[in-house]
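Below is one structure, written out as structure tokens, with a few remarks after it.
The values are calculated or read from the model by the stated rules, or taken from the named source; none is laboratory data. All values reported here derive from a predicted model rather than from experimental measurement. Heads up, the Cβs are rebuilt from the backbone with ideal geometry, glycines too, and the neighbour counts pull from every protein chain shown. The protein model used for the area step is the full one, side chains on, heavy atoms only, and it has no ligands, DNA or RNA in it. Shrake-Rupley method; radii C 1.70, N 1.55, O 1.52, S 1.80 Å.
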Amino acid sequence: MIGFGLTDEQQALQELSLQFARDVMRPAATHHDQTGEYPWEIIKQAHELGLMNTHVPEKWGGLGLGCIEGALISEELAWGCTGIGTALEANGLALQPVLEGASDALLEKYVAPMSEEPRMAAYAVTEPGAGSDVAGLRTTAVRKGDKWILNGSKMWITNGGVADWYFVLAYTDPAKKYKGMTAFIVEREWAGVEVGKKEKNLGQRASDTRAITFTDVEVPHENIVGREGAGWMLAMGAFDHTRPLVAAAGVGLARAAYEHAAEYAMQRKTMGVPIAKHQAVSFMIADMAKDIEAARMLVWKAAWLKDSGQRNTKMASMAKAFAADSAHRIASDAVQVFGGYGYSQEYPVEKLLRDSKIFQIYEGTSQIQRLIIARELFSGR
Ligand SMILES: Cc1cc2nc3c(=O)[nH]c(=O)nc-3n(C[C@H](O)[C@H](O)[C@H](O)COP(=O)(O)OP(=O)(O)OC[C@H]3O[C@@H](n4cnc5c(N)ncnc54)[C@H](O)[C@@H]3O)c2cc1C
């Protein structure tokens, strides 16, 4: 049996998220885009409504919701504003490997407080010289008694300036390659942690992206996530849960762009008819609608596989690549439908085009998703 329907609870969650996106996020989107101000007030409200950290198990104060529910929320919030949405949801990527690998003591200390009040965490893996090539990391941690001495630099860390703690991937035994990587929880306030300036990005400007440098940071042994040598597995495994959510955000942005374009195409007239009557325009809009549906189906399947305990790595990458590439193309076509007005900040679609580009870059570029899909297709052959 195949069912595409949502349960009453899922529908209620979707409606709550849409209402929040419409009433709170959209009215604030331009302000945060233009100023780059971090949306703390919106985060507080989202936290109160239960729209953050939804996958944290009830034992640690969360709602214990699945990947499907996360995807539903993510699409709606992204429809509101993906800059604010990314700021709100980046916790998910930092939390996921910690939920999968950390000891109860770490979960109690670092995860449980996040359900009590709005606190942020960040996933710190990328470095100035290593993004797609995670094996190229230079950050190291060397054991000294019951502590590890951490040295290295991270780059492009979402929520880097506002997070209380970071999930940090470092080499503890470089000779073992992937199996020599270990993950640590590192607090922002610890001596030797230096947070860089907020990056001035093309889009999603509400989100806080920074470099972080670690100089002889003393990390207690108990702050290892999982065990020594399990860092790679935890850091990469997290994407099976988070890529469907990032893809869902791409769907939300694409939906917003499509709605603006369709509405404009019915109002704007050239040669005596609404431009929607010109086939060249209506086909662009038809393609938007088609690809939004297809992307959402990939997202739901990837999320459903995850929730039902099945391997979803290939499907998560398919969803991420398809939704990211579609979102960027749909936002660009929405600008095209608006003509000259689409190029102006007076209209909403230029922001969507700027915001859409990052979907093809963060959480693995669209090229890396194809690499993963191909690897999964050919493995064992
Ligand atoms: C706004 C923003 C937020 C981010 N947030 C985070 C975060 O919170 N935490 C974090 O750890 N990282 C984060 N990142 C980093 C992001 O994941 C990386 O930028 C991304 O993985 C690409 O790495 P890179 O920038 O080093 O590019 P590179 O890896 O240098 O890639 C450059 C180009 O080469 C292509 N390429 C590279 N290798 C291959 C290959 N083998 N085959 C085919 N093509 C290839 C890429 O697709 C890309 O087009 C963020 C980045 C940005 C811009």
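Would you point out the residue of the stretch 1-37, among those that are of a type in the set (A, V, I, L, M, F, W, C) and without any contact (Cβ under 8 Å) to a residue 12 or more places away in the chain, that is nearest to Ile68 (Cα to Cα)?
Let us first name the residues in the stretch 1-37 that are of a type in the set (A, V, I, L, M, F, W, C), namely 1-2, 4, 6, 12-13, 16, 18, 20-21, 24-25, 28-29.
So of that shortlist, the ones also without any contact (Cβ under 8 Å) to a residue 12 or more places away in the chain come out as 1-2, 12.
Values: Met1: 18, Ile2: 15, Ala12: 13 Å.
Among them, the one singled out is Ala12.
Given the criterion within 27 Å of Phe4 (Cα to Cα), hydrophobic (A, V, I, L, M, F, W, C) and either in a loop (DSSP other than H, G, I, E, B) or out of contact with any strand residue (DSSP E or B) (no Cβ under 8 Å at 6 or more places or on another chain) (or both), identify the matching residue among Ala316, Ala276. It would help to see each step written out before you state the result.
Values: Ala276 fails: within 27 Å of Phe4 (Cα to Cα).
Just one listed residue meets the conditions, Ala316.
For (1) touching a helix residue (DSSP H, G or I) at 6+ places or on another chain (Cβ under 6 Å); (2) within 16 Å of the ligand (Cβ to nearest atom); (3) β-branched (Val, Ile, Thr), each residue gets a yes or a no:
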position	(1), (2), (3)
His47	no, no, no
Lys59	no, no, no
Leu93	yes, yes, no
Leu107	yes, no, no
Ser115	no, no, no
Ala122	yes, yes, no
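Considering only the stretch 150-253, give the strands (runs of 3 or more DSSP E) lying wholly within it that have at least 2 residues that are within 12 Å of the ligand (Cβ to nearest atom) and out of contact with any Pro (no Cβ under 6 Å at 6 or more places or on another chain).
Working: elements: 163-171, 181-187, 193-195, 209-220.
Counting at least 2 such residues, we get 163-171, 209-220.
Filter the stretch 340-381 down to the residues that are within 8 Å of the ligand (Cβ to nearest atom) and open to solvent by 70 Å² or more (accessible area, probe 1.4 Å), then identify the one that is nearest to Ala302 (Cα to Cα).
Arg370
Yes or no, residue by residue, for (1) more than 16 Å from Phe359 (Cα to Cα); (2) modelled with pLDDT of 95 or more; (3) touching a strand residue (DSSP E or B) at 6+ places or on another chain (Cβ under 9 Å); (4) open to solvent by 50 Å² or more (accessible area, probe 1.4 Å):
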residue	(1), (2), (3), (4)
Met233	yes, yes, yes, yes
Phe239	no, yes, no, no
Leu245	no, yes, no, no
Ala249	no, yes, no, no
Ala261	yes, yes, no, no
Asn312	yes, yes, no, no
Lys320	no, yes, no, no
Ala324	no, yes, no, no
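Starting from residues that are in a strand (DSSP E or B) and in contact with a Gly (Cβ under 9 Å, 6 or more places away or on another chain), keep the ones in the stretch 135-148 and report whichever is surrounded by the fewest Cβ atoms within 10 Å (Cβ to Cβ). Don't jump to the end; show me each part of the working.
Taking the stretch 135-148 and keeping what is in a strand (DSSP E or B), we get 140-144, 147-148.
Among the residues that remain, those that are also in contact with a Gly (Cβ under 9 Å, 6 or more places away or on another chain) are: 140-141.
On the way: Thr140: 18, Ala141: 28.
In this case the residue turns out to be Thr140.
Please give the number of the condition Ala265 fails out of (1) assigned to a helix (DSSP H, G or I); (2) without any contact (Cβ under 8 Å) to a residue 12 or more places away in the chain.
Here Ala265 meets the rest and fails (2).
Which of (1) open to solvent by 10 Å² or more (accessible area, probe 1.4 Å); (2) in contact with a Lys or Arg (Cβ under 7 Å, 6 or more places away or on another chain) does Thr86 not meet, given it meets every other one?
Of (1) open to solvent by 10 Å² or more (accessible area, probe 1.4 Å); (2) in contact with a Lys or Arg (Cβ under 7 Å, 6 or more places away or on another chain), only one is false for Thr86: (2).
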